[in-house]
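Readers should treat all values here as calculations from the given coordinates under stated rules, not as data from a laboratory. It should be emphasised that the depicted structure is a prediction, and the values quoted were computed from it without experimental measurement. Neighbour counts are summed over all protein chains in view; Cβ atoms, including those assigned to glycine, are modelled from backbone coordinates with ideal geometry.
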Amino acid sequence: MKRLLIALFCILSLPVFANEPTATTAEATDSEAFSPGEMILHHIGDSHEWHWFSTDRDDHYTTYLPIIAYRSGKGLSVFSSRNLAEGKEYDGLKLEHEHLEAEDGSKVYDFSITKNVASLMLSALLLVVVFTTVARGYAKRGTGAPKGIQSFFEPIIVFVRDEVAKKSIGPKYKRYMPYLLTVFFFIWFNNLLGLLPGGANLTGNIAVTLTLALLTLLITLFSSNKNYWHHIFATPGVPKALLPIMIPVELIGILVKPFSLMVRLFANITAGHIVILSFVSLIFIFRNVGVAPVTLAFGLFINMLELLVAILQAYIFTLLTAMYIGGAVEEHHDADYQMGGGEGADNAHANHAH
């Protein structure tokens, strides 16, 4: 695969080398002015304005979001981010690489509605509208055949319940279904919204994935039972002489699990956006019309692949969350069932249900 990409870049660069002797100084200056890294970071990062698109006449279509800042001694400042656009200063404030700073160097507490915050509100509203509609469908038709939007989401909900929650958590799965469904659809919806032109990279923001991972950690810890902590501080089958080594390892493992959740979602979603934008950047780097069809074709292919990644990452995050919770609520006979898998274990489950 690497050799194929290298060969592709070599082929794409040939027309550029052929055109170099006739390139004008203005074209060279424009080429040098374009910074792929800066463009990519701008699109995947958060900002205090929502830029939708630009035209060939250099017209920019932007939604300016509210700036909400608090400074000790000056109180609360609320105004539009238009006042700080293009390096402007307003009310003693300015934006430096999307960080709100005071001209006098004083501490600024930024509570602004940024692009990611606005996208979060939009996705939350979308989730409420969609699943309120689904709930009304169930209330109206009961156990009857689903219709409309309900028929689309019901198989997904049943899949999360049967294949994720039941198998990973066991008999106590019902109390965790609201969280698992919320996490799954929140991640999936925002992954899809991030693929739209002008969309925000919400699930590619490490602060968002950190919050989701912390919620999973807190639910896991507050749901844990004696059997869970017994496996950490007195691991079965481990000699007591090795416990001073095993206990720190097990405690570190508790933190590593949510850390892996955070990094996996953040890295996969961000990497997808970077790859797509990198292919688009090749058009401006090579400055050749012949490059456009090839780079756009590869970019479109990656974009289609990201549709699969969007739901796959939501599924992986939800599945691992259910597995961590399942390990915390697992009873001793549940562990025997998973290890032995025999009829006696099935009876243990039946007794537990009674």
ask   = Listed here are the pairs 167/240; 94/115; 140/167; 172/257; 147/172; which of them are more than 23 Å apart at the Cα?
value = 167/240; 140/167; 147/172
request  = Could you tell me whether region 144-252 comes out rounded, prolate or oblate from its Cα gyration tensor? Rule is a ≥ b ≥ c as square roots of the eigenvalues, rounded for a/c under 1.5, then prolate if a/b exceeds b/c, otherwise oblate.
outcome  = oblate
query = For residue 136 and residue 39 in one chain, what is 0.36 nm times their gap in residues minus the Cα-Cα distance, to one decimal in nm?
reply = 30.5 nm
message = For the pair residue 154/residue 91, report the inter-label distance in nm, with labels modelled 7 Å from Cα in the Cβ direction.
response = 5.1
Segments 249-262, 229-242 sorted - mean Cβ within 10 Å per residue, highest first = 249-262, 229-242
message = How would region 215-266 be classified by its alpha-carbon gyration tensor: rounded, prolate or oblate, with rounded meaning a/c under 1.5 and the a/b versus b/c comparison settling the rest?
response = oblate
ask   = Can you give me the relative contact order of region 66-110 as a percent, contacts being Cα pairs under 8 Å and 6 or more apart?
value = 34
message = For region 115-339, what does the relative contact order come out to in percent, with C-alpha contacts under 8 Å and a separation of six or more?
response = 29
remark   = At R0 = 41 Å the Cβ-Cβ FRET efficiency linking residue 296 and residue 243, nearest 0.05, sits at 0.10
key: Inter-label distance for residue 128 and residue 103, nm, one decimal - labels placed 7 Å from Cα along Cα-to-Cβ   = 3.9
task = Using Cα centres only, tell me the gap between region 82-116 and region 125-143 in whole Å.
result = 41
ask   = If one computes the Cα centroid of region 151-200 and of region 252-269, what distance in Å separates the two points?
value = 18
key: Modelled label reach - residue 303, point 7 Å along Cα→Cβ, region 194-215 residues with backbone N closer than 15 Å   = 194-200
inquiry  = Using the Cα centre of region 66-110 as the reference point, and only Cβ charges (+1 on K/R, -1 on D/E), how large is the resulting charge dipole? Debye, rounded to the nearest 20.
reply    = 200
